[in-house]
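Comments concern the structure below.
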Amino acid sequence: MPTRNTVVLQQILEVLEISEPQALARLERVYQDSLLVVAGDANLIASQAKELRLAINTTECGQVLDHLAPRARISLDQAEEAINALFPDRFVEP
């Protein structure tokens, strides 16, 4: 049964050339409480830099990704919006 991480985990296993179903199942268990997201890659950064008319090379694209990585987190506002959209009337009075 696919989970929120199946696509990313399958890509990782393909890169490692591992096709064993138990490997995917184990990774699904380990990351069952996580959200693994590929937020972008060097090609995305290069294309956005070009659109912004900023000159950077491939190595610098990686550095931009490294700089952005710590900020690629779900914010409190995003969590609130999602919870309220999916589960209305869940506010607990103090």
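The values are calculated or read from the model by the stated rules, or taken from the named source; none is laboratory data. What you see is a predicted model, and the numbers here were worked out from it, not measured in a lab. Cβ atoms come from the backbone with ideal geometry, glycine included; neighbour counts cover every protein chain shown. Ligands, DNA and RNA are excluded from the accessible area calculation, which covers all protein heavy atoms including side chains. Shrake-Rupley method; radii C 1.70, N 1.55, O 1.52, S 1.80 Å.
Structural remarks
- The residue among ASN84, ALA23, LEU52 whose Cα reaches farthest toward the positive pole of the charge dipole of the chain, with charges on the beta-carbon of Lys, Arg, Asp and Glu, is LEU52.
- With the simple model of a label 7 Å out from the Cα in the direction of the Cβ, ALA55 to GLU81 spans 3.7 nm.
- Region 2-41 - accessible surface per residue (Å², probe 1.4 Å): 80
- GNM top mover of VAL15, VAL37, VAL64 - the chain, alpha-carbon springs below 10 Å: VAL15
- Taken along the Cα-to-beta-carbon direction at a fixed 7 Å, the label points for ARG71 and GLU93 span 4.1 nm.
- Counted by Cβ distance under 15 Å from ILE56, the other residues give a net charge of -2, where Lys and Arg count +1 and Asp and Glu count -1.
- Comparing LEU76, LEU44, LEU35 in a Gaussian network model of the chain (Cα springs below 10 Å), the most mobile by mean-square fluctuation is LEU76.
- Over the chain, relative contact order from alpha-carbon pairs under 8 Å, at least 6 apart, %: 22
- Summing charges over all other residues whose Cβ lies under 15 Å from the Cβ of HIS67, with Lys and Arg as +1 and Asp and Glu as -1, gives -1.
- Dipole magnitude (debye, nearest 20) for the chain, charges at Cβ of Lys, Arg, Asp, Glu: 160
- Modelled spin-label separation between VAL38 and SER19, with each label point placed 7 Å from Cα along the Cα-to-Cβ direction: 2.0 nm.
- Dividing the alpha-carbon radius of gyration of region 20-86 by the rule-of-thumb value 2.2 N^0.38 Å gives 1.54.
- Pairwise inverse Cα distances across region 1-55, averaged and inverted, put the Kirkwood hydrodynamic radius at 13.1 Å.
- Solvent-accessible heavy-atom area per residue, rounded to whole Å², over region 50-91 at 1.4 Å: 101
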